[in-house]
1. Counting heavy atoms of the protein chains only and a 1.4 Å probe, report the per residue accessible area for segment 224-274 as a whole number of Å².
2. Could you sort the peptides 266-273, 220-227 by per-residue average Cβ neighbour count (10 Å cutoff), highest mean leading?
3. Top to bottom by accessible area (1.4 Å), largest first, where do Met312, Met218 land?
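The values are calculated or read from the model by the stated rules, or taken from the named source; none is laboratory data. Fair warning: this is a prediction, and the values are worked out from it, not measured in the lab. Cβ coordinates were reconstructed from backbone atoms using ideal geometry, including for glycine residues, and neighbour counts include every protein chain displayed. Protein only, heavy atoms only, side chains kept; ligands, DNA and RNA dropped before computing areas. Shrake-Rupley method; radii C 1.70, N 1.55, O 1.52, S 1.80 Å.
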Amino acid sequence: MTSGLFTLIGGIGLFLLGMRLMTDGLTASAGGGLRMILAGATRNRLRALGSGLLITTGVQSSSAVIFATIGFVNAGLLSLGQAIGIVYGANLGTTLTSWLVALAGFNLNLRTLALPAIGLGAVAWAISRASRWGALGQAVAGFGLFFLGIDVLRDAFDGLGGMFAVQGQDAGTVAGIAAFVLSGIAITLLTQSSSATLAITLTAAAGGLLPLQAAAAMIIGANVGTTSIAVFAAIGATAPARRVAAAHVLFNVVTAVIAIALLPALLWLAGAIAGLVSDDPHVALSLAVFHTLTKLLGVGIMWPLTPWTVAMLEQRFRSAE
């Protein structure tokens with residue numbers, strides 16, 4: 001059991017390191033692209049949503065997009081309405097991690113994909129560290145570590161087997177669902193990465209260690225836990241920046257409450273869609289669909305409420321002047 005725990009910790013570490021290298025490399029290789037796209041998302045809220053979705057999908061970090069958005073609002077370059085559109089898009093873009101884990105993590109030999117990527121990326125990074133090619137090499141190496149971490153996590157959960165079987169909590173009860181939501185929040189706070197929580201949850205569910213409903217509750221918790229990063233970013237910032245952080249928290253909390261209320265229906269719909277996507281749908285694919293559905297549901301609910309949200313936040317957070 002000790003070796004299995006060490007393997008699990010190592011897999012989480014590889015995943016987190018890969019995500020960090022990939023995000024930093026892609027952001028650096030883009031140069032001023034991130035700033036230009038965010039600054040250009042000023043025409044309407046729909047374009048802002050598309051920009052947030054596009055950038056988060058590209059750099060694989062909703063936190064980086066939220067940080068940048070808070071910075072732009074803090075500098076007066078974006079209005080709150082535009083920033084909220086970017087927040088919606090960033091939350092929707094973060095679902096790509098679930099799809100990567102579900103589609104690649106259980107259908108490919110990840111080591112044959114990961115090791116060459118790590119080697120080639122690391123060589124490019126070492127040769128031309130200060131150039132855009134070096135940054136791309138860093139991203140490729142991070143991509144390889146990302147998949148290697150998933151592979152190690154998968155092996156770790158297969159080896160641990162029933163040692164981590166959930167005991168004392170029934171995912172079919174309100175108390176059990178609340179416990180799993182809190183677990184998702186706690187893991188995200190510890191790792192400061194909702195992507196890590198998603199990878200752990202999907203691989204554990206695929207290995208039979210988590211029931212489907214329990215894993216879905218942990219995904220909801222991960223979405224709530226990731227808002228802590230925006231809260232930290234807003235500490236000491238201007239009132240407009242605090243409004244953006246509050247909008248991020250509000251979006252995820254409202255989405256979480258509604259997703260919990262509709263959990264059985266959403267899981268049924270996710271299973272039906274997964275059956276259309278694949279002839280042999282597995283639990284990880286159903287969870288990836290569920291994650292996407294919850295984010296789409298959140299956008300659908302919050303979108304018409306955005307004018308009210310803007311007015312409420314501007315009333316709640318005011319500058320000293």
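1. Values: 1960 Å² over 51 residues.
With all protein chains present, segment 224-274 gives 38 Å² per residue.
2. Numbers: 266-273: 16.9, 220-227: 26.6.
Result, highest mean Cβ count within 10 Å first: 220-227, 266-273.
3. On the way: Met312 65, Met218 15 Å².
Sorted by accessible area, descending: Met312, Met218.
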